[in-house]
Every structure is written in structure tokens, then in C-alpha cells.
Amino acid sequence: EGFSSAKCFLSLYRFQACVYFASVFQAMSCGIHYLASVFMAVTPNFVCGFPGNVSSVLFHNSSASSIEDIWTLWTSTENYIVVQLENGEIWELDQCSRSKREVTLDLAYEYKGNKSVFPCSDGFLYDDTKWKSTVVTQWDLVCDREWLAKLIQPTFMLGVLIGAVIFGDIADRLGRQRVIWFTSAGQFVFGIAVAFTFDYYSFVIVRFLLAMVSSGYLVVAFVYVTEFVGIKARTWASMHVHAFFAMGIMIVALVGFLVRTWWVYQIFLSIATLPFVLCCWMLPETPFWLLSEERYEDAQKVIDTMARWNKVSTPCKVSELCSVQQDDLASGRTGDDDTSSAKKHNILDLFCNWQIARRTITVWLIWFTGSLGYYVFSLSSVSLGGNEYLNLFLIGAVELPCYIIACVAMDKLGRRNTLIPFLILSALICVLIMFIPQDFNILIVLANMAGKFSIGVAFGLIYLYTAELYPTIVRSLAVGSGSMMCRVGSVVAPFCVYLRSVWIFMPLLLVGIMALLSGILTIMLPETLGKPLTNTLVEATEMGKNKKSCSEKTPPAHSGAASEKIEMFGQERVSTDK
């Protein structure tokens with residue numbers, strides 16, 4: 001059934017398929033900018049600079065005429081380099097300090113005499129064998145300024161959080177089309193602008209704006225493609241937006257391997273999706289939003305265009321949709337007089353009783369854990385040993401099959417029965433990695449790929465599962481609050497990765513504990529596969545208490561007929577063109 005849905009999407013919706021692939025193509029740029037810092041903010045090996053010209057360099061038992069020849073021997077941050085200047089002075093160069101020897105008669109690595117310690121007032125010398133330039137080497141973000149480098153990714157993720165909130169609201173007010181135009185252009189403009197920033201603070205500010213528009217595009221693109229794609233393929237279409245995000249991660253690895261100067265690297269990443277920026281103005285507004293704004297003529301134009309592309313001879317009329325909606329509203333008023341009074345719902349409704357409160361806490365924890373694990377595995381992939389570019393490429397590539405598995409499993413086994421084993425599996429993999437010897441690089445990379453795969457399945461599935469767990473009156477609120485917890489997880493993830501300096505397995509331990517706890521709590525959630533969406537909090541509560549009574553409920557008739565009408569003409573088979 002799952003594979004037939006994907007085939008249906010490609011064969012039945014010509015117009016929707018074009019709109020879908022055009023929209024999700026730009027999602028690659030979101031994956032690009034989210035993970036760009038893994039190479040752009042690399043801290044290479046470095047030592048203090050020295051005042052003068054060097055005549056000889058000594059590192060343990062090896063000597064050279066320049067420091068560049070020593071970097072291949074560098075093994076630890078605790079090492080130091082001894083240099084003799086042309087004026088006869090001998091200096092010991094550490095990473096964050098330098099010492100001038102008082103006795104300069106003999107050039108030797110070990111020295112027991114008196115030394116004068118000086119700060120690194122002459123800057124730093126960096127190993128440029130891998131990267132010619134990074135933002136760390138550009139602005140000396142090391143030693144007492146190291147914390148500035150560690151803020152680069154968290155501030156970006158903070159922009160992601162704020163952008164999702166702002167542009168999600170703007171898309172409801174001004175339309176999906178305008179936000180897609182603005183955020184697409186914004187990603188290109190701010191992406192290029194990052195490469196030409198003149199100092200660290202302007203760099204962080206422009207990256208923050210880039211994060212906002214990137215997040216805004218990703219959030220609105222989900223809504224946009226969902227409103228265009230038919231019911232049968234909606235799960236596959238929404239899930240595989242993540243796949244294009246993963247392709248963006250793979251592009252980061254490829255460009256990072258080919259370009260080793262950070263600002264050139266940033267420019268190449270930003271122009272990767274330029275074709276979409278040039279043609280995104282051709283994307284139409286969704287008929288659903290136009291109808292909600294009572295712009296019936298514009299909605300009819302879009303519907304007619306869809307009908308022509310899909311070879312439908314008798315497209316539906318907006319007047320028919322309006323009459324259907326009015327009938328739905330009338331039947332809703334007569335059938336539900338007790339609920340006709342408008343009530344504004346807030347976040348407290350997600351804790352209205354113990355059943356719903358426990359469900360909300362569990363769902364929030366899954367959102368947080370999924371995001372935390374996703375970015376911990378992604379960001380730490382470049383520190384696994386071996387080829388860091390290949391590591392990141394594989395970490396992105398492993399997501400492509402994981403979403404296919406998620407779509408098939410959630411339709412065959414159920415949402416909960418898919419989520420539980422993959423959460424627990426990711427926890428077990430985190431523990432397994434701790435017992436793999438550090439010199440088994442290939443095995444470590446494969447285990448991290450397995451961890452990313454399992455957490456990716458859970459992360460992709462929770463979007464749909466959350467929507468099905470809550471009733472109509474608070475469904476958007478539930479998904480929105482869960483998404484907010486997801487953003488919090490993405491902000492925390494970089495700090496979690498930095499804990500490798502405390503203990504190399506600390507990030508994995510934290511992710512493993514969270515995944516195990518989430519998996520255990522998920523056991524108490526109800527299964528939603530094959531069950532109708534609930535309308536009220538009472539129905540949602542009963543779904544958790546009594547599975548039989550919940551499964552016997554019939555889906556509500558309200559507000560669905562108009563949507564079905566719009567999608568019907570997009571689902572007509574075009575057999576003559578196959």
C-alpha cells in the first residue's frame with residue numbers, strides 16, 4: 001500500500017508533482033545552511049605567533065626550517081613547538097601562550113632553565129594543510145575567544161526557532177506563495193552576504209537572519225506541498241521533504257571536500273539552489289488559502305490551471321466548493337449546538353486532564369529527542385576519525401532509505417509500533433558505540449550511520465503521529481508546540497556535541513538516555529493507524545482509555561467535503577499520457 005501511494009503520487013498528479021518537486025528542491029538549501037558550519041567553523045591545529053623571522057623549528061626529535069613542516073607531526077593540544085629566531089632568541093610556542101627562554105646557548109626541546117611567559121600578542125599560526133581559511137582562523141576565535149566559535153551553531157539554531165514562529169504566522173496572514181518567494185530570495189541573498197561579512201559579529205547577525213528565512217521556508221514548504229498533494233500521497237510527500245534536506249547535507253560534504261576557503265565555500269553553497277530562486281515566482285498560491293481568504297476568482301484560476309495540467313475535462317467550480325462548505329457549516333451548527341460557541345484554545349488545553357497531559361509530555365520529549373539525536377549524529381560526524389567529508393556524506397545519505405522504511409512501517413505496523421523499536425534501537429546503538437575501540441574507524445562510522453538511521457525514522461514519523469493523537473480543536477497547537485520543542489533540541493544539540501571535550505561519549509550517553517526514556521513512555525501512547533481523527537478532547541481522551549470504542553467511531557463529516565472536491569480533479573488518472 002505504501003509503495004502504491006508513492007507511485008500514485010508520480011502518476012496521477014502532473015501539476016502537483018511539478019509544484020512538489022520545485023518546492024522541495026529548495027529544501028536542500030535548508031539542509032545546506034543548517035550544517036554548513038561543520039566545515040566553515042573548523043578549528044585547525046594552532047600555536048602562538050612569534051616576533052620575528054624563524055631560522056629553525058624543533059618538535060620533539062624532529063627539526064625543520066618552517067612550522068608548516070611540523071603540522072604533520074602534531075598529535076595533541078598539549079604539545080608545544082620550539083623555534084629559534086634569526087636574532088638568536090628561542091621561544092616555546094603553546095596554543096594559548098608562549099615562553100621566551102633566558103638561556104639561548106643550545107637549541108633543545110627539553111629545557112629546565114628560566115622562562116618568561118607572554119600572551120599571544122602577535123596572533124596565531126594555523127595549520128592550513130586541510131583548510132586554507134575558516135571563520136576561526138579569520139577572526140582568531142581560539143583560546144579566550146573560543147566561546148565565540150562555539151556560539152556560531154547555537155545562534156543559528158536560535159534563528160531557526162524564531163523564524164519558524166514568525167514566518168509560520170505570516171504565511172497564514174499573507175499567503176504561502178509570498179512567504180516562499182521572500183524566504184527563497186532571502187536564503188540566496190543572506191547566504192551570499194555571509195561570505196562578505198567584515199567581522200565576527202556581522203557574520204553571526206547575517207547567519208541569524210539566514211537561519212530565520214531558511215527555517216521559515218522549511219515550515220511553509222511543508223504546509224504548501226501538503227495543501228497541493230492529494231490524500232493518498234500526502235504521507236509520502238510530506239515525509240520526503242526531509243529527504244531533500246538530507247541531500248543538502250550531502251552537498252555540504254561534497255563542497256567542503258572541493259573548496260577549502262570558508263567564504264568561497266559559503267558562496268558555492270548559496271548558489272547551489274539558485275535555479276529555484278529564479279523561477280519560484282511561477283509557483284501559484286494554494287486554493288485552500290485563497291478560499292479561506294474569500295478570493296474566489298483567484299482560487300478558480302489556480303483550479304483551472306491544475307485541471308489543464310492534469311488533463312481534467314470538467315474541473316470543479318468554486319461555487320460548488322462554497323455550497324459544500326456552507327452545507328458543512330450548517331450541518332455542524334445543527335448537529336453540534338453545544339460546541340458552536342467559539343472558544344479560543346491555548347497551551348493549557350494540552351494539559352486539560354491526566355491522560356492528555358501525559359500524552360503531551362511524551363510527545364514533546366519525542367520531538368526534543370528526535371531533534372537532539374538528529375543534530376548530535378550530524379554535527380559530530382566530522383569528529384569520528386577517518387575522512388570527515390565522507391563521514392558527513394554518509395550520515396546524510398543514510399536518511400534517504402530511512403524515510404522509505406518509515407512510510408512503509410507506519411502503514412503496515414502502525415505509528416506507535418514503529419516509533420517504539422526505533423527509539424529503543426537508537427538508544428542501544430549509542431551504548432554500543434561506547435564499546436567500540438577508537439581505532440576501529442569504519443565500525444564507528446557504520447554504527448553512527450545506524451544511529452542516525454534509527455533516530456531519523458522516529459524524527460520523521462512524529463510529525464504525522466502528533467497530528468493524529470490530538471483532536472481538531474488543538475491539533476495545530478499540538479503540532480506547533482511539538483515543533484517548538486524540536487527547535488529547542490536543535491539549539492541544545494551543539495552544546496551537547498561540545499561535551500565531547502569533557503568525555504568523548506557524553507553526547508551519545510545523553511542521546512541514548514533520552515531515546516530510551518522516550519521509547520518507554522511511547523508504550524503508553526495509543527495507536528492511531530486506521531482510526532478516525534478526533535474532534536474533541538473527550539474523544540481524544542477516550543482513544544487513550546478504550547481502544548475498542550475509539551476504533552468504532554466514525555470520522556467527522558465536517559469540513560472535509562470541500563477538500564475532497566479540490567483533490568478529486570487532481571487525482572484523475574491520465575492514462576493516455578503514460
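Observations on the model:
- Compactness of the stretch 46-129, taken as the C-alpha radius of gyration over 2.2 N^0.38 Å, stands at 0.98.
- Percent carbon-and-sulfur accessible area, the stretch 193-253, ignoring ligands, DNA and RNA, probe 1.4 Å: 79
- Apportionment of accessible area to carbon and sulfur, the stretch 46-129, percent (1.4 Å): 46
- The chymotrypsin sites (Phe, Trp or Tyr not before Pro) of the stretch 360-462 that DSSP puts in a loop, and whose beta carbon has at most 13 other beta carbons within 10 Å, are PHE435, PHE440.
- Surrounding net charge for GLU68, when Lys and Arg each add one and Asp and Glu each subtract one, Cβ distance under 13 Å: -1
- Per residue value of the accessible surface for the stretch 46-129 (all protein chains in place, 1.4 Å probe), Å²: 54
- Per residue, in Å², the accessible surface of the stretch 350-543 once ligands and nucleic acids are set aside, probe 1.4 Å: 36
- About the Cα centre, charge dipole magnitude for the stretch 406-554 (Lys/Arg +1, Asp/Glu -1 at Cβ), debye: 160
- Dipole of the stretch 350-543 computed with +1 at Lys/Arg Cβ and -1 at Asp/Glu Cβ about the Cα centre; of LEU461, VAL474, SER383, farthest Cα towards the positive end is VAL474.
- In a reduced charge model with +1 at each Lys and Arg Cβ and -1 at each Asp and Glu Cβ, the stretch 46-129 shows a dipole moment near 280 debye about its Cα centre.
- Percent accessible area from carbon and sulfur atoms, the stretch 350-543, protein chains only, probe 1.4 Å: 77
- Summed side-chain charge close to VAL382 - residues other than VAL382 whose Cβ falls under 12 Å, Lys, Arg +1, Asp, Glu -1: +1
- For THR466, net neighbour charge (Lys/Arg +1, Asp/Glu -1) across residues whose Cβ lies under 10 Å away: +2
- For the stretch 172-224 versus the stretch 481-499, the gap between their alpha-carbon centres in whole angstrom: 20
- Applying 1/(1 + (r/R0)^6) with r as the Cβ-Cβ distance of LEU400 and TYR296 and R0 = 35 angstrom yields a FRET efficiency of 0.30.
- Under a model in which nothing but the beta-carbon of Lys, Arg (+1) and Asp, Glu (-1) is charged, the stretch 86-164 shows a dipole of about 320 debye around its Cα centre.
- Residue-wise HN-Hα coupling along the stretch 204-209, computed from phi with Karplus coefficients 6.51, -1.76, 1.60 (Hz; x: Gly, Pro): 5, 5, 5, 5, 5, 5
- For the stretch 393-439 versus the stretch 119-166, the inter-centroid distance based on Cα atoms is 32 Å.
- Out-of-range pairs (alpha-carbon distance over 29 Å; input LYS150/LYS452; LYS100/LYS150; LYS311/LYS412): LYS100/LYS150; LYS311/LYS412
- If the chain linking TRP74 and CYS352 were pulled fully straight, counting 0.36 nm for each residue of separation and taking away their Cα-Cα distance, it would gain 94.1 nm.
The values are calculated or read from the model by the stated rules, or taken from the named source; none is laboratory data. Nothing here was measured: the structure is a model prediction, and the numbers come from that model. Please note: Cβ atoms are built from the backbone with ideal geometry, for glycine as well, and neighbour counts cover all protein chains shown. Note: areas computed on protein heavy atoms with side chains; ligands, DNA, RNA excluded. Shrake-Rupley method; radii C 1.70, N 1.55, O 1.52, S 1.80 Å.
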